[in-house]
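Read through the structure below, which is laid out as structure tokens, and then see the notes.
The values are calculated or read from the model by the stated rules, or taken from the named source; none is laboratory data. Since the model is a prediction, treat every value here as computed from it, not as a measurement. Cβ: placed from backbone, ideal geometry, glycine included. Neighbour counts: every protein chain shown.
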Ligand SMILES: Cc1cc2nc3c(=O)[nH]c(=O)nc-3n(C[C@H](O)[C@H](O)[C@H](O)COP(=O)(O)OP(=O)(O)OC[C@H]3O[C@@H](n4cnc5c(N)ncnc54)[C@H](O)[C@@H]3O)c2cc1C
């Protein structure tokens with residue numbers, strides 16, 4: 001048999017910002033006989049995370065904030081699965097596939113882009129009661145959950161239970177936490193007008209942040225402005241405060257406050273994907289893969305890395321130890337340099353160094369409210385909110401998604417927000433179990449709640465806090 005040269009095998013771990021944009025550029029620029037690209041991700045889509053708060057608040061249909069990988073990466077192979085190990089000495093990644101099998105995939109060139117995960121702390125109760133805000137699943141769950149708390153609160157006269165159901169806690173004041181808080185609070189308060197016994201003021205939103213400022217991404221002045229807007233919206237802002245415990249939803253803060261809640265949204269920062277611990281790639285003290293300015297992994301030719309999981313020198317700063325921050329802004333631009341450098345690597349050409357001056361940030365604080373700092377220019381209110389929408393929709397991958405999102409916004413503008421909870425999504429078999437006679441497991445004795453005797457509806461309305 002004659003030795004037929006095979007194509008170079010390029011494997012991309014993670015189909016998020018870095019993975020999807022890198023693969024997009026490679027499939028466009030590579031000759032067909034030059035390389036095969038395989039993208040491995042547990043999800044069949046890329047998630048446009050900056051739009052998750054709007055998806056949670058119902059301004060955008062959740063399906064429209066994700067980009068189907070198979071549809072946009074037509075010249076790539078796809079493996080739906082989770083990479084669990086990278087053994088560069090063998091040029092091999094191990095993946096747990098969606099069907100449950102484990103497979104090994106060989107490569108000649110590797111792109112490492114599994115992003116980051118929520119950074120947790122050893123707080124009692126956090127693992128049981130907290131939920132992060134990084135995936136479209138979490139955004140959909142939170143929308144249904146928050147609205148279903150209103151539905152539940154409207155049916156009880158037990159004041160402690162009602163307070164618990166209507167209290168919502170967000171821990172962490174970066175843009176992800178603040179946007180999620182502002183959008184969800186806006187939605188819950190808007191929805192409250194349709195409940196005859198829930199007032200806007202009954203819905204309590206609490207922010208806890210360990211530092212003495214929020215949204216470091218937009219600078220101290222705009223951070224203070226954001227705090228003022230949150231206070232205007234009756235959101236309780238606790239700076240320089242930490243959560244001590246949250247067992248069973250009973251939250252105790254280190255300033256002595258305590259309250260009960262059914263909803264704890266944990267957005268206190270991110271850390272590199274822990275999968276990287278199972279690799280033989282060099283990592284820094286924070287667990288990020290160490291990269292050169294060309295986005296190659298240090299001392300590992302043929303392996304490239306970028307995005308939230310990478311430690312990339314920030315050449316725009318004078319400090320030689322500065323690294324680029326984990327943000328979409330860097331991830332998208334790094335993906336372009338990374339793809340071009342893979343082409344240079346394959347074609348034995350010189351590589352480019354990644355350098356980008358951080359342009360600033362835009363954030364939405366609910367409908368018609370926003371804050372932005374772009375190249376030092378500070379914007380606020382409806383102008384910043386409009387900037388947020390136009391900037392992100394222009395950045396949304398594919399025209400298909402852009403058009404759908406603009407339709408979503410236009411529909412909401414003329415037809416109003418949807419305020420219905422599709423709570424059945426969280427327990428879709430419950431009704432069928434009931435009709436099919438599947439025995440539901442009774443709660444153990446002692447954990448069964450005492451029946452609460454609610455008054456008839458007319459009394460219930462006046463028993464609530466509605467005043468007018
Ligand atoms: C709510 C929210 C709002 C944000 N808003 C902004 C903003 O306004 N501006 C901004 O600049 N940045 C924003 N960010 C940050 C930005 O989204 C991230 O910095 C960016 O997504 C990082 O890109 P990445 O490719 O490194 O990771 P990701 O985009 O997270 O992609 C990682 C991919 O890897 C996959 N993956 C995970 N584990 C594995 C595994 N074991 N094997 C294979 N695949 C795996 C994941 O499914 C995912 O598809 C926001 C983030 C959030 C959560």
Every residue from segment 325-334 that is outside any loop (DSSP other than H, G, I, E, B) and either touching a helix residue (DSSP H, G or I) at 6+ places or on another chain (Cβ under 8 Å) or in contact (Cβ under 8 Å) with a residue 24 or more places away in the chain (or both): 328, 329, 330, 331, 332, 334
Meets criteria (over 15 Å from residue 189 (Cβ atoms) and free of Cβ contacts under 8 Å to residues at least 40 places away in the same chain) for residue 130: no
Residues satisfying the stated conditions in segment 426-442, i.e. surrounded by 10 or more Cβ atoms within 10 Å (Cβ to Cβ), under 33 Å from the mean Cα position of the chain (by Cα) and modelled with pLDDT under 85: 426
Residues of segment 105-122 that turn out to be under 27 Å from residue 26 (Cβ atoms), within 14 Å of the ligand (Cβ to nearest atom) and part of a strand (DSSP E or B), as a count: 6
Subset of segment 393-407 [surrounded by fewer than 19 Cβ atoms within 10 Å (Cβ to Cβ) and not in a loop (DSSP other than H, G, I, E, B)]: 393, 394, 395, 399, 400, 402, 403, 404, 406, 407
Residues that are within 16 Å of the ligand (Cβ to nearest atom), touching a helix residue (DSSP H, G or I) at 6+ places or on another chain (Cβ under 9 Å) and assigned to a helix (DSSP H, G or I), drawn from segment 161-197: 175, 176, 178, 179, 180, 181, 182, 183, 184, 185, 186, 187
Subset tally (residues that are near the ligand (Cβ under 8 Å from one of its atoms) and either at positive phi or assigned to a strand (DSSP E or B) (or both)) for segment 10-20: 2
Some residue of segment 98-110 being touching a helix residue (DSSP H, G or I) at 6+ places or on another chain (Cβ under 7 Å) and either outside the structural domain of residue 260 (by TED's automatic domain parsing) or at positive phi (or both): yes
Some residue of segment 325-333 being more than 16 Å from the ligand (Cβ to nearest atom) and surrounded by fewer than 18 Cβ atoms within 10 Å (Cβ to Cβ): no
Filtered residue count, segment 123-160, keeping only those that are in a helix (DSSP H, G or I) and either touching a helix residue (DSSP H, G or I) at 6+ places or on another chain (Cβ under 6 Å) or more than 16 Å from the ligand (Cβ to nearest atom) (or both): 21
Unique residue being assigned to a helix (DSSP H, G or I) and in contact (Cβ under 8 Å) with a residue 60 or more places away in the chain when the list is 345, 388: 345
Segment 269-309, residues that are within 28 Å of residue 211 (Cβ to Cβ), in a loop (DSSP other than H, G, I, E, B) and more than 12 Å from the ligand (Cβ to nearest atom): 284, 285, 286, 287
Residues (more than 8 Å from the ligand (Cβ to nearest atom) and touching a strand residue (DSSP E or B) at 6+ places or on another chain (Cβ under 8 Å)) located in segment 21-41: 22, 23, 26, 27, 30, 34, 35, 36, 37, 38, 39
When residues of segment 306-324 are limited to those that are touching a residue at least 40 places away in the same chain (Cβ under 8 Å) and surrounded by fewer than 17 Cβ atoms within 10 Å (Cβ to Cβ), the one nearest to residue 281 (Cα to Cα): 315
Residue list for segment 42-65, filter: in contact with a strand residue (DSSP E or B) (Cβ under 8 Å, 6 or more places away or on another chain), crowded, with 20+ Cβ neighbours inside 10 Å and not in a loop (DSSP other than H, G, I, E, B): 46, 47, 53, 54, 65
Of all residues in segment 209-233 being under 20 Å from residue 371 (Cβ atoms) and not in a helix (DSSP H, G or I), the one that is nearest to the ligand (Cβ to nearest atom): 215
